[in-house]
1. Using the Kirkwood formula on the Cα atoms of segment 190-239, what hydrodynamic radius do you get, in angstrom to one decimal?
2. With the convex hull built on the Cα atoms of the chain, state its orientation-averaged projected area in nm².
3. Could you work out the relative contact order of segment 198-294, using alpha carbon pairs under 8 angstrom and six or more residues apart, expressed as a whole percent?
4. Determine the dipole magnitude for segment 196-313: charges of +1 sit on the beta-carbon of Lys and Arg, -1 on that of Asp and Glu, nothing else is charged, the reference point is the Cα centre, and the result goes in debye to the nearest 20.
5. Quick check: residue separation of residue 189 and residue 274 times 0.36 nm, minus the Cα distance between them. What number comes out in nm?
6. Compute the FRET efficiency between residue 352 and residue 161 as 1/(1 + (r/R0)^6), taking r as their Cβ-Cβ distance and R0 = 22 Å, and round to the nearest 0.05.
7. Along the Cα→Cβ direction, 7 angstrom out, place labels at residue 4 and residue 264. What is the inter-label distance in nm?
8. For helix 146-159, report the angle its Cα long axis makes with the longest principal axis of the Cα atoms of the chain; keep it between 0 and 90° and round to the nearest 10°.
Amino acid sequence: MSAVTTCGTLVIGGGFYGCAIALALAERGKDVLVIEKEVDLLTRASFRNQARVHGGYHYPRSVLTAMRSRVNLPRWVEDYRACVVDEFEQCYAIARRFSKVSAAQFARFMDHVGAPLTPAPARLRRLFNDILVEDAFLVREHAFDAAKLREMMRARLDKARVPVKTGVEALRIGENLLVETNEGPVQASEVFLCAYSGVNTILEASGLPHIRLKHELAELALIEMPEELRQLGVTVMCGPFFSFMPFPARGCHSLSHVRYTPHASWQDAAPADVLRTPRVSNFPLMLADARRFVPALARSRQLDSLWEIKTVLPASETDDSRPILFQRHWGRPNLHCVLGAKIDNIFDVLTECAALG
Ligand SMILES: Cc1cc2nc3c(=O)[nH]c(=O)nc-3n(C[C@H](O)[C@H](O)[C@H](O)COP(=O)(O)OP(=O)(O)OC[C@H]3O[C@@H](n4cnc5c(N)ncnc54)[C@H](O)[C@@H]3O)c2cc1C
């Protein structure tokens, strides 16, 4: 029988959230251990995402989400500056038909939440098919380099002397927070479950109630852009449209489409093998639609696709908001479940952690 490892606080999941929480707790003098089932930190959703540091523009139907982004964005840029990429123009275009907001409503909303925008200059407007696009705005929004973020989090954890065990999967959280793993048991006095799409898998195996979550099997196409789109990100709002923006960790762009990025969706538990099933890329469908709006996209080329399970709260369905989930003492004393929804929400999560004492 394996020896029991002991620690004060066990963080399950070495994504951006698990790492940032572990660091904050270690700074407060806690004895923290991070376990991560993959071979490295930040390989899952924290790498396989669109790399947008949200400035609120994506959420013109949720005042709270847009406002929190306005507050969190400058802090994120300051704390993670070495990962921030801003040498590109970010453009939000409003579709003439099927958009849930008009250009005037979009501009009014952004004014209300203090998110500056300017009319896109003529050289950018010429890139759009104006039969389909009502208006376009230039905003200041950043991308992040997820590979640099991984290096940064690893270095910070090393410096803070927080032990990290990769290749270690939490299988079950028992009574008194004895956690079974594939490498033997870990006894903790406090557990933060930061497993994102894997949260309910662990809760279910532990005989604990599910958290209501919605999962999507998401495909982000990685593409090489034609010259005139290389220094540009475009998001077409606000409905069944698309966005492309730089993906610095691979030196290319990502393309996602509201209709074609999700390949499947389901509630609550995550089927374990969904990422291993062979899939056919939806890139041709994404491109066929997106090039109608931005004709130059026809000369883009698919390099690869990133596949990930995207997990959101069911409440996000109605207004596309991205609130955090922070469930204290979920089914067991001192077991806390966390879901960040987007990376700049980390400060809201850390506020909740601090309130725990
Ligand atoms: C397609 C897509 C696009 C997105 N675009 C953006 C965007 O542009 N901007 C933005 O801010 N946010 C975006 N997000 C959301 C963002 O990626 C997530 O909010 C964030 O990465 C979540 O971080 P995390 O640490 O909670 O999750 P993860 O990075 O997934 O970390 C969870 C970790 O837990 C580990 N784990 C799971 N189960 C176990 C277990 N049993 N034992 C041990 N370890 C376990 C996993 O291996 C994983 O490393 C996007 C997400 C997706 C999927």
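The values are calculated or read from the model by the stated rules, or taken from the named source; none is laboratory data. Just so we're clear, the structure is a prediction, and the values are computed from it rather than from any experiment. Cβ: placed from backbone, ideal geometry, glycine included. Neighbour counts: every protein chain shown. Protein only, heavy atoms only, side chains kept; ligands, DNA and RNA dropped before computing areas. Shrake-Rupley method; radii C 1.70, N 1.55, O 1.52, S 1.80 Å.
1. Numbers: mean 1/r = 0.0661 Å⁻¹.
Result for segment 190-239 stands at 15.1 Å.
2. Details: hull surface 69.0 nm².
The orientation-averaged projected area of the Cα hull of the chain comes to 17.3 nm².
3. On the way: 128 pairs, mean separation 32.5, N = 97.
With pairs under 8 Å counted, the relative contact order is 34 percent.
4. On the way: 12 positive and 11 negative charges, 47 e Å.
It works out to roughly 220 debye.
5. Working: separation 85, 0.36 × 85 = 30.60 nm, distance 3.27 nm.
Result: 27.3 nm gained on full extension.
6. On the way: r = 25 Å, r/R0 = 1.11.
According to the calculation, E is roughly 0.35.
7. Computed distance between label sites residue 4 and residue 264 equals 3.9 nm.
8. It is inclined by approximately 30 degrees.
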